[in-house]
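Please read the structure below before turning to the comments.
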């Protein structure tokens with residue numbers, strides 16, 4: 001794979017993560033979907049952090065090779081932490097497993113994509 005293809009995969013990873021984060025920001029700003037109005041404040045905090053990470057991924061895309069380490073930080077602790085938090089919530093009985101499956105699939109897909117892109121470009 002040539003350098004342009006490797007950069008293309010990095011950029012796809014940055015934008016896939018940024019779009020996923022932006023979608024989560026929108027969902028976080030609708031705390032009623034969680035079923036509890038007292039989630040409003042923590043969901044607002046989470047939305048602010050997710051929006052910051054969205055911008056971080058877009059910033060990474062501006063210099064994809066130099067900033068490819070952002071992808072590793074996105075894999076762990078960010079995406080991995082979100083998946084673990086979902087599993088913990090299921091274990092506590094806060095959510096049904098069916099409610100967390102879509103975000104789990106999205107998270108796992110992003111981990112694979114970002115991991116592939118990072119390791120594919122690590123020699124550049």
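Report, in cubic angstrom per residue, the convex hull volume of the C-alpha atoms of the chain.
91
For segment 1-64, take the convex hull of the Cα atoms, compute a quarter of its surface area, and give me that in nm², please.
4.4
Sort largest first and round to whole Å: the equivalent ellipsoid semi-axes of segment 37-93, each the square root of five times a Cα gyration tensor eigenvalue.
Values for segment 37-93, descending: 27, 16, 5 Å.
Laboratory data are not the source of any read-out in this text; all were calculated from the coordinates shown. No experiment lies behind these values; they were computed from the predicted model shown.
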